[in-house]
Amino acid sequence: MDFILVKPHFHPHVALIQLNRPKELNALNLQLMAQLRDALRQLDAEEVVRTIIITGNDRAFAAGADIKEMAGKSAVDMLITDQFATWDQIRKTKKPVIAAVSGFALGGGCELAMTCDMIVASETAVFGQPEIKLGIMPGAGGTQRLTRAIGKAKAMEMVLTGKTLSAHDAERFGLVNRVVPVDLYLDEAVRLASEIASMSPVAVRLAKESVNRAHETSLDEGLHFERKNFYLCFASEDQKEGMQAFVEKRPANFKGK
Ligand code: CAA
């Protein structure tokens with residue numbers, strides 16, 4: 001059963017993955033997450049693909065991990081299955097991944113959006129970590145990524161009360177890149193993805209790694225990492241082309257070499 005739809009050539013250099021359990025509001029069961037991990041791995045390896053968009057439908061990006069699948073499990077079941085190990089693979093995707101979010105992005109849905117590099121939201125998007133209402137807590141990065149994105153006070157309130165954020169508040173607090181009308185969120189994500197796809201894939205990959213380091217290490221280590229990646233850009237033909245094009249006042253033609 002296909003719980004996701006994959007369109008590697010949705011737009012030049014832009015691939016699209018659509019979560020596809022609409023009746024369950026795209027609840028993220030084990031199979032869906034495994035399919036998502038495999039699709040990302042494959043698209044990451046395809047040279048023609050430069051950016052990847054993950055989306056749901058207008059009503060739901062994803063309403064969380066599948067509660068029905070988890071309800072009867074014991075702590076040992078959860079430990080042995082270690083379902084969130086799949087999510088580590090998603091985080092390791094080297095190409096930029098944009099979440100195009102409309103409707104519910106709750107629990108694991110919010111965590112999946114935050115695992116992406118950027119979020120384009122429709123005006124109807126609702127973000128939240130309601131796990132506390134189920135007698136559990138976020139388990140796929142919610143306490144860490146939400147806190148880093150919007151700060152401790154607001155994250156603490158959301159995680160401890162299950163209170164949700166509107167799209168506009170999410171934008172105001174820095175969780176999402178931009179909010180657009182519901183009929184435009186996918187177009188806007190494609191526009192952003194295409195803009196990034198026009199840059200050097202080598203430089204984009206190194207820059208993504210470096211920005212992520214800002215979240216994951218000390219400033220000192222992060223700056224060191226950034227500097228080494230910056231110098232490494234000069235090993236690429238794209239760097240020569242990009243700078244030559246600037247000097248010659250013409251658009252650059254990046255090849256990912
Ligand atoms: N898991 C499994 N099924 C889900 C689901 C989920 N997370 N969210 C929605 N569904 C199912 C519903 O059970 C319902 O199925 P049935 O028709 O078979 O009953 C269907 O999707 C439609 O949902 P509703 O009828 O509830 O739709 P609504 O518009 O009345 O409410 C909602 C929408 C507010 C999102 C509500 O569905 C809801 O509260 N969902 C659960 C949200 C949640 O708690 N998410 C966190 C899950 S735990 C987690 O994610 C842990 C983690 O850290 C990874």
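When the Cα positions of M118, G107, I132 are compared along the charge dipole of the stretch 102-172, I132 comes out farthest toward the positive end, with charges on each C-beta of Lys, Arg, Asp and Glu. From the largest down, the stretch 132-199 spans 43, 25, 21 angstrom on the principal axes of its Cα atoms.
The mean accessible area for residues of the chain, using a 1.4 Å probe and ignoring ligands and nucleic acids, is 53 Å² per residue. Once the Cα-Cα distance is subtracted from the 0.36 nm per residue extended length, the M137 to D88 segment shows a gain of 15.8 nm.
Ranked by solvent-accessible area (1.4 Å probe, protein heavy atoms only, all chains present), the residues K133, K95 order from largest to smallest as K133, K95. Surface listing: I90, I132 arranged by accessible area from highest to lowest gives I132, I90, probe 1.4 Å.
Computed over the Cα atoms of the chain, the ratio of the radius of gyration to the Kirkwood radius (Rg/Rh) comes to 0.99.
If I ignore ligands, DNA and RNA and count only protein heavy atoms, how much of S200 is accessible to a 1.4 Å probe, in Å² to the nearest 10? Surface open to solvent at S200 totals about 10 Å².
Accessible surface of D58, taken over heavy atoms with a 1.4 Å probe and every protein chain present, rounds to 90 Å². Rg and Dmax, both from the Cα atoms of the stretch 152-257 and both in Å, are 18.6, 57. Look at the alpha carbon pairs under 8 Å that are at least 6 residues apart: their mean separation over the length of the chain gives a relative contact order of 16 percent. Along the chain, counting only GluC sites (Glu not before Pro) with a DSSP assignment other than H, G, I, E or B and at most 10 other Cβ atoms inside a 10 Å radius, the longest segment between sites is 48-247. As a calculated quantity, the FRET efficiency between M156 and K7 at R0 = 35 Å, using C-beta atoms, amounts to about 0.35. Listed values for the stretch 35-48 are Karplus-derived 3J(HN,Hα) couplings in whole Hz (6.51 cos²θ - 1.76 cosθ + 1.60, θ = phi - 60°), namely 5, 5, 4, 5, 5, 5, 4, 5, 5, 4, 8, 8, 4, 5, and x replaces Gly and Pro.
Working from Cα positions, state the angle (0 to 90°, nearest 10) between the long axis of helix 152-161 and the longest principal axis of the chain. For 152-161 against the chain, the angle is about 30 degrees. In terms of the Cα gyration tensor, with a ≥ b ≥ c the square roots of its eigenvalues, is the stretch 79-200 rounded because a/c is under 1.5, prolate because a/b exceeds b/c, or oblate? Oblate, since a/c reaches 1.5 and b/c is not below a/b. With a Förster radius of 41 Å applied to the beta-carbon distance between D183 and F246, the computed FRET efficiency rounds to 0.65.
The values are calculated or read from the model by the stated rules, or taken from the named source; none is laboratory data. Just so it is clear, the model here is predicted, and its values are computed rather than measured. When we count neighbours, we look across all protein chains shown, and the Cβ atoms used for this are built from the backbone with ideal geometry, even at glycine. We work out accessible area using only protein heavy atoms, side chains counted, and drop any ligands, DNA or RNA first. Shrake-Rupley method; radii C 1.70, N 1.55, O 1.52, S 1.80 Å.
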